[in-house]
1. Specify the residue that is surrounded by the most Cβ atoms within 10 Å (Cβ to Cβ); the eligible residues are those in the stretch 20-59 that are of a type in the set (K, R) and in a loop (DSSP other than H, G, I, E, B).
2. Consider only pairs whose beta carbons are under 6 Å apart and that are at least six residues apart or on different chains; among these, list those whose first residue lies in the stretch 25-49 and is under 22 Å from K3 (Cα atoms) and in contact (Cβ under 8 Å) with a residue 40 or more places away in the chain and whose second residue is of a type in the set (D, E) and part of a strand (DSSP E or B).
3. Please state which of the following conditions W6 fails to meet, knowing it meets all the rest: (1) within 12 Å of the chain's Cα centre (by Cα); (2) part of a strand (DSSP E or B); (3) surrounded by 12 or more Cβ atoms within 10 Å (Cβ to Cβ).
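Laboratory data are not the source of any read-out in this text; all were calculated from the coordinates shown. All of these numbers come straight from a predicted model, not from anything done at the bench. Reconstructed Cβ throughout: ideal geometry from the backbone, glycine too, with neighbour counts over all protein chains shown.
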Amino acid sequence: MKKTEWIYCPVCNSKTRDRIRQDTVLRNYPLYCPKCKHETLIEAKDLNITVIIEPDAQTQSQ
């Protein structure tokens, strides 16, 4: 039997509605937290979850 774990929100640290198995691979997954209502991009492989931080958009100067 494969091990499963709940995914916890990286902002408020509460349990989300998603679970991952040991063989799950996620890339650029938009994780939504129903408690704090934040959406965060994550990557997951071998039950290790990494938060993807996107740089803010820069305005073009003339």
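1. Narrowing the stretch 20-59 to residues of a type in the set (K, R): 21, 27, 35, 37, 45.
So of that shortlist, the ones also in a loop (DSSP other than H, G, I, E, B) come out as 35, 37.
Details: K35: 12, K37: 9.
Here the answer is K35.
2. L47/E5
3. Unmet for W6, out of (1) within 12 Å of the chain's Cα centre (by Cα); (2) part of a strand (DSSP E or B); (3) surrounded by 12 or more Cβ atoms within 10 Å (Cβ to Cβ): (3).
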